[in-house]
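Structure record follows, encoded as structure tokens.
The values are calculated or read from the model by the stated rules, or taken from the named source; none is laboratory data. This is a predicted model, so every value here is computed, not measured. A quick note on method: Cβ atoms are made from the backbone with ideal geometry, for glycine too, and the neighbour counts reach across all protein chains shown.
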Amino acid sequence: MADASAQPDRGLSGRRLGVTLALLGVLLVALLVPVGYLADKTYAADTRRADIDTVQTVARRVVTNFYSISYQSFDQDAQRVYADLADKFKTQAVQQLGTSWKQTVVNNKLVSSAAVSASGVIDIRATSAEVIVTVRRTAQSTQVKAATSSWQSAQVQLTKVGGHWRVSGMGGLQ
């Protein structure tokens with residue numbers, strides 16, 4: 001005979017187990033959605049910071065290289081300038097500057113160096129950016145015997161091509 005005072009079995013039946021697992025699944029999803037959202041936002045913020053650093057690095061390098069030029073090593077110096085230019089802009093720069101730039105530098109025996117004093121991102125988007133760079137330039141030539149210093153600024157447009165930032169335009173160069 002069964003004892004009438006016995007407690008019913010409180011273990012999880014198949015139905016209770018299914019409901020419990022379903023609730024745990026919903027809870028897990030509810031916790032993972034905000035985690036995924038935060039991870040995505042963190043990745044986007046990290047990518048933006050990396051892009052800001054990269055566009056400034058490329059812009060600084062190109063402007064510094066443009067103003068750091070010597071008649072003694074013009075061809076190598078020019079190649080450093082052209083290295084970070086987007087293909088279309090590089091073609092334009094070579095056509096516009098090419099021989100006249102070299103003639104001016106070589107004929108005047110120009111020796112110039114530059115150091116970045118400031119730079120800042122004006123605008124940045126997923127595939128384009130604009131940076132302003134100011135350098136302190138020191139130059140000497142046959143026309144200017146004593147080295148003179150001046151401030152030069154350039155506004156640099158960049159485009160992201162194949163995951164790499166390239167200069168696609170420049171203004172303010174003298």
**Study point:** Candidates THR54, THR42, THR20 - the one that is under 31 Å from the mean Cα position of the chain (by Cα), at pLDDT below 80, more than 28 Å from ALA147 (Cα to Cα) and surrounded by 10 or more Cβ atoms within 10 Å (Cβ to Cβ)
**Key:** THR42
Study note, to complete from the structure: Selection from the range 95-106 of residues more than 21 Å from ARG61 (Cβ to Cβ) and in contact with a helix residue (DSSP H, G or I) (Cβ under 8 Å, 6 or more places away or on another chain) yields VAL106
Practice item. Could you figure out which of (1) hydroxyl-bearing (Ser, Thr, Tyr); (2) exposed (fewer than 15 other Cβ atoms within 10 Å of the Cβ); (3) in a strand (DSSP E or B) isn't true of THR134? Key: (2)
Check your understanding: What are the residue pairs meeting all of these: first residue in the range 66-79, first residue outside any helix (DSSP H, G or I), second residue small (Gly, Ala, Ser) and modelled with pLDDT of 95 or more, Cβ atoms under 6 Å, and 6 or more apart or on different chains?
Key -> SER68/SER113; SER68/ALA114; ILE69/SER112
Exercise for review: Test SER113 against the criterion of being under 20 Å from ASP84 (Cα atoms), surrounded by 15 or more Cβ atoms within 10 Å (Cβ to Cβ) and touching a Lys or Arg at 6+ places or on another chain (Cβ under 8 Å), and give yes or no.
Suggested key: yes
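So which of ALA129, ALA139 ends up being among the aliphatic types (A, V, I, L, M), closer than 18 Å to ASP77 by Cα and part of a strand (DSSP E or B)? Give the steps one after another, and end with the answer.
Values: ALA129 fails: closer than 18 Å to ASP77 by Cα.
ALA139 is the lone residue from the list that is among the aliphatic types (A, V, I, L, M), closer than 18 Å to ASP77 by Cα and part of a strand (DSSP E or B).
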Check your understanding: How about the range 119-174: which of its residues are without any contact (Cβ under 8 Å) to a residue 60 or more places away in the chain and among the charged types (D, E, K, R)?
Key -> ASP123, ARG125, GLU130, ARG136, LYS145
Check your understanding: Just for the range 84-107: of the residues that are assigned to a helix (DSSP H, G or I) and under 12 Å from MET170 (Cα atoms), which one is modelled with the lowest pLDDT?
Key -> ALA93
